[in-house]
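FYI, it's all coordinate maths here, none of it is from the lab. Just so it is clear, the structure is predicted and the values come from calculations on it, not from any experiment. We place every Cβ from the backbone using ideal geometry, glycine too, and count neighbours over all the protein chains shown.
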Amino acid sequence: MLRYWLCFTSLIYLAGNCGANYCRDANLCCQGRDSSCVVQKAHQNAIIEDLTDKPCYCDHACLKLGDCCPDFRETCGVVDCVVSEWGAWSECDTSCGSGGMERARRVLRAAAHGGRHCPSLVQRRACQAHHGCAPDSDVPLREESAMILPGALSVSRRSNDTGDIRKNLRLRNPDDPESNAHREYCVQFLVTKVSKGCHTDSEYKALREGNTVSVMCETAALRRDLSWRCGGHGVVSRPTRFYALLAPHCRGKWERASTSPDRHSEPCANPDFIFV
């Protein structure tokens, strides 16, 4: 409204411009923000009822304010930046552990005369690589994240509670290579960091900084590609991450307290959580 008021108060100086409809007709093209660089479409004494009769501007501020004359960009040579499509992502910059990778794009046409500036030309994201780790390296284990469920859900994995006949047969036949009940084990973790989301869910109330919790690796969670262990079972005295499957905002870090997976140990008779 201030810009419109300025136009009306300056009509005695811009009488020639206010009768024009375009920047070209008014011979106007101004840098920066200039409220006097205005084209008044309606007569100076007219009452504006049609929005198309409102004044329009030929200064570069009109690009942000949205009140440019129809021909402003063409008349004043406004050119927006144009960039190419993103290129391919680079390889991870490490061969073992956490690293970074990036991709880039280039400027096809530079901005000019107040046109839209170029966006970012480089994007970066995190990556993990384990192909270069030494055979005895614990880096892959430290990079894993544990997905957990409340321990109370453990009963749902008993053979009598499933309707999957293939799973029942596997669990009831200990000689079957896929039957791994003897591989189940417990892990104890010292919780070192917890998000606020864990505090609002009663099923994850055991996750408090300084608490020690027990997590059961059951048959259903054992993974062949990890040599028949659960994903994210951690490294002794080294922080690893965990995520609560039923509470997306509950996550944190913990350290494995036991020196090795302790199978059929007493602390996991009633586990606080189970691996997924």
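Need one number: nm distance between label points at residue 65 and residue 205, each 7 Å from Cα along Cα→Cβ, rounded to one decimal.
Once both label points are built, they end up 6.0 nm from each other.
List 153, 108 from most exposed to least, where exposure is judged by having the fewest other Cβ atoms within 10 Å.
108, 153
Within a Cβ distance under 9 Å of residue 80, other residues only, what is the Lys/Arg minus Asp/Glu net charge?
Around residue 80, the surrounding residues sum to +3.
With a ≥ b ≥ c the root eigenvalues of the C-alpha gyration tensor of the stretch 94-154, is it rounded (a/c under 1.5), prolate (a/b larger than b/c) or oblate?
Since a/c reaches 1.5 but b/c is at least a/b, the shape of the stretch 94-154 is classed as oblate.
Just grab the label-to-label distance for residue 33 and residue 85, each label 7 Å out from Cα along the Cβ direction, in nm (one decimal).
Placing both labels 7 Å along Cα→Cβ, they lie 4.0 nm apart.
On full extension of the chain, what length is gained from residue 153 through residue 246, given 0.36 nm per residue of separation minus the C-alpha to C-alpha distance?
Gain in length upon complete extension: 32.3 nm.
In whole Å, how far is the Cα centre of the stretch 196-245 from that of the stretch 136-152?
Spelled out, the Cα-based centre of one part sits 7 Å from the other.
Looking at the square roots a ≥ b ≥ c of the eigenvalues of the Cα gyration tensor of the stretch 82-129, which shape do they give, rounded for a/c under 1.5, prolate if a/b is larger than b/c, or oblate?
Here the stretch 82-129 falls in the prolate category.
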